[in-house]
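Participant: Before anything else, here's the structure in question.
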Amino acid sequence: YRNSDSELWALACRYDDADDHKQVIPFRPDGTVGLPQETHRLPYLLEKLAGASGTLYICEGEKCAAAMNSIGLYCTTSIGGSESAHKTDWAGLSHFGEVVILPDSDGPGERYAATVAAIFARLPGARVLKIARLEGLPEGGDVVDWIRRRIPDWDGFSQIPETVAEGLKETLREEIDSIATPISLAEIKVTGDDWP
């Protein structure tokens, strides 16, 4: 995680064990465990997205965002998991004219999407705000699962080969466009600690 001047703000280090359990531990630039601040956290890849335009995709987790960026789609997330979207300062991405949220296929994913939608609906500027629930995902599935169905030997972390990235980008974008629906404020139900 870097600021818009590309200065390191935090590292999110993921550890997976043999039973496929994950743990993500944040580190400060000096190596201290924990985040530099509890609120006003920076979105993932802010330094790359600050000057970009077009459609911004928002997923839950760095793994998903990195995968989408590796095929050429602008994507970000927030540090700290599904319960921390409201602690992120998303204002640096308010210039995008279209924002599409891709929730994980479970309850926490839906809550994350609702929180992010509520925040973007209240940021200055005009934008189209949509949600796209990818079809055929397992419980808790995400865009990485969608990609792995199409590239079975991909490990979910490595850079996606350029030979397939462009075709995959178009296929994913077409699917998202076909299922994405506009979000209205009336549909957003965020309460308690999730509220920004």
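The values are calculated or read from the model by the stated rules, or taken from the named source; none is laboratory data. Everything quoted here is computed from the prediction, not taken from an experiment. Methodologically, a virtual Cβ is constructed for each residue, glycine included, from the backbone with ideal geometry; neighbour enumeration extends over all protein chains shown. The protein model used for the area step is the full one, side chains on, heavy atoms only, and it has no ligands, DNA or RNA in it. Shrake-Rupley method; radii C 1.70, N 1.55, O 1.52, S 1.80 Å.
Participant: Quick one: length gained pulling Val164 to Glu7 fully straight, 0.36 nm per residue minus the C-alpha distance?
Facilitator: In short, 53.3 nm is gained.
Participant: For the range 1-140, with only Lys/Arg (+1) and Asp/Glu (-1) charged at the beta-carbon, what is the dipole magnitude about the Cα centre, in debye rounded to 20?
Facilitator: Computed charge dipole of the range 1-140: roughly 540 debye.
Participant: Write down the accessible area per residue of the range 1-156 in Å², having rolled a 1.4 Å probe over the full set of protein chains.
Facilitator: On a per-residue basis, the range 1-156 sits at 45 Å².
Participant: With an 8 Å cut-off on Cα pairs and a minimum separation of 6 or more residues, tell me the relative contact order of the range 88-140 in percent.
Facilitator: Averaging sequence separation for qualifying contacts and normalising by length gives 49 percent for the range 88-140.
Participant: Under the rule a/c < 1.5 gives rounded, and otherwise a/b versus b/c splits prolate from oblate, where does the range 126-177 land using the Cα gyration tensor?
Facilitator: oblate
Participant: Normalising by the residue count of the chain, find the relative contact order in percent from Cα pairs under 8 Å and 6+ residues apart.
Facilitator: In percent, rounded to a whole number, it is 19.
Participant: For the residue pair Arg28 and Asp89, what label-to-label distance in nm results when each label sits 7 Å from Cα along the Cα-to-beta-carbon direction?
Facilitator: Rounded to a tenth, the inter-label distance reads 1.7 nm.
Participant: For the range 45-105, what does the alpha-carbon gyration tensor say about shape, rounded, prolate or oblate, given a ≥ b ≥ c as the root eigenvalues, a/c under 1.5 as rounded, and a/b over b/c as prolate?
Facilitator: Oblate, since a/c reaches 1.5 and b/c is not below a/b.
Participant: Summarise the accessible area of the range 37-141 (1.4 Å probe, protein heavy atoms) by the percent that is carbon and sulfur.
Facilitator: Carbon and sulfur: 51 percent of the exposed surface of the range 37-141.
Participant: How much length, in nm to one decimal, is gained on full extension between Arg14 and Ala50, taken as 0.36 nm per residue of separation minus their Cα-Cα distance?
Facilitator: Contour length minus the Cα-Cα distance gives 10.5 nm.
Participant: Taking every DSSP beta bridge with both residues inside the chain, roughly what % is antiparallel (nearest 5)?
Facilitator: Approximately 45 percent, going by the DSSP bridge assignments.
Participant: Quick one: in the chain, what % of C-alpha pairs are over 25 Å apart?
Facilitator: Looking at the chain, the distances longer than 25 Å represent 33 percent of pairs.
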